[in-house]
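Derivation of every value follows stated rules applied to the coordinates shown; laboratory data play no part. These figures come from a predicted structure and were not determined experimentally. Backbone-built Cβ (ideal geometry, glycine too); neighbour counts: all protein chains shown.
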Amino acid sequence: MLPKQNPIAECDAEAGTYRPRVNRNRCEAKAACIAACPCQVFEVRRIADQDFRALSILGRLKSRVHGRRTAYTPHVQACKACGLCVTACPEHAITLELASPSARSGTDE
């Protein structure tokens, strides 16, 4: 039997080079991203009013059904782009994208 490898060790990206983006219209707050992420990038909490207002009508309905909860990335700078969150999300609500230069330097909001 092969030893279990650390997924972070297999990531080629420097922390903060890529960032996970959560599509809140799709997210159902099932927290699979939290369980999958070895870098502890995610948290699931009540959706901010501003984010809720930005949802589509269907997204607002889904959000209400799921207790107005969604995934956020408060520790996005720790992301090493292993992609485990992307594959774990049952709603396919997470994508990885190249972080902006200001985000990589820590000046992005």
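Some notes on this structure:
- Stretch gain in nm, segment Ser100-Arg21, where the contour uses 0.36 nm per residue and the Cα spacing is subtracted: 27.2 nm
- Amide H contacts for Arg69 (H built 1.01 Å from N in the peptide plane; partners 5 or more residues away or on another chain; cut-off under 5 Å): Ile47.
- Two-site FRET efficiency, Ala31 against Arg53, from Cβ-Cβ distance with R₀ of 25 Å, rounded to 0.05: 0.60
- Residue-wise HN-Hα coupling along segment 26-38, computed from phi with Karplus coefficients 6.51, -1.76, 1.60 (Hz; x: Gly, Pro): 9, 4, 10, 6, 7, 6, 4, 5, 5, 5, 7, 7, x
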